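Quick notes on the structure that follows.
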Amino acid sequence: TLALILYGDLDISIIDELPPGRQKIDTSAVDSRYHQRIYTFIQKLVKEGRQAYVICPMVEDSEEIEAENVIDYTDTFRDELRRYLPNVNVEYLHGKMKGSEKQSVMERFASHGIDVLVSTTVVEVGVNVPNATVMMVENAERFGLAQLHQLRGRVGRGDAKSYFILVSDAK
């Protein structure tokens, strides 16, 4: 891309403002001691009719990857979220699911049939759910800056205030 800009016939586009009606996304970095506060915040937003994403770095524990203290979606989905978000429709989505299953989950989330979507980075691009106003990224240190930027782009797509919360206990 850089070579095309410098030597070819490619113009540079600069986007220096938000689309009309959109608000700035508040981004926070916290450690895992904030989980209960975050879940309370998500519960409040869901009661107001909003939706949320919870992003985990892995589908399940892996012996090949050094994953001490890494939250996989099964732990988060089955234990913490069910306990801290009672009466909230929580579903999960990951790349190991069949295409039709993934499509079904995304359609239900987009049509507000799901309140909180626990997912891996499969939602990184091409997902537009304007009603989703909060994204919590578990073990944020395990993602690259480009991935985090793409994930952040999944919230703030509507006219409501949105939040991007990075959770990490890394030093």
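The values are calculated or read from the model by the stated rules, or taken from the named source; none is laboratory data. Keep in mind the model is a prediction, meaning the values are calculated, not measured. Note: ideal-geometry Cβ built from the backbone for every residue, glycine included; neighbour counts use all protein chains shown. Just so you know, the surface numbers come from the protein's heavy atoms only, side chains and all, with ligands and any DNA or RNA stripped out. Shrake-Rupley method; radii C 1.70, N 1.55, O 1.52, S 1.80 Å.
Counting only Cβ charges, +1 for Lys and Arg and -1 for Asp and Glu, the dipole size of the chain around its Cα centre is about 800 debye. Would you mind telling me which residue in Glu80, Glu124, Glu91 has the biggest mean-square fluctuation in a Gaussian network model of the chain, where springs connect alpha carbons within a distance under 10 angstrom? So, out of Glu80, Glu124, Glu91, the one fluctuating most is Glu80. Between the helical axis of 99-110 and the longest alpha-carbon principal axis of the chain there is an angle of about 90 degrees.
Rg over Rh of region 91-138, using C-alpha atoms and the Kirkwood radius, what does it come to?
Numbers: Rg = 10.1 Å, Rh = 11.1 Å.
That ratio equals 0.91.
So, with a 1.4 angstrom probe, what is the percent of accessible area on region 101-141 that is carbon and sulfur? Carbon-and-sulfur percentage of accessible area, whole number: 47. Translational diffusion of region 113-171, estimated by Stokes-Einstein from the Kirkwood radius over alpha carbon pairs at 20 °C in a medium of 1.002 mPa s, is 178 µm² per second. Comparing Ile12, Ile55, Ile25 in a Gaussian network model of the chain, where Cα atoms under 10 Å apart are tied by springs, the biggest mean-square fluctuation is seen for Ile12. Averaged per residue, the chain has 60 square angstrom of accessible surface, using a 1.4 angstrom probe with ligands and nucleic acids left out.
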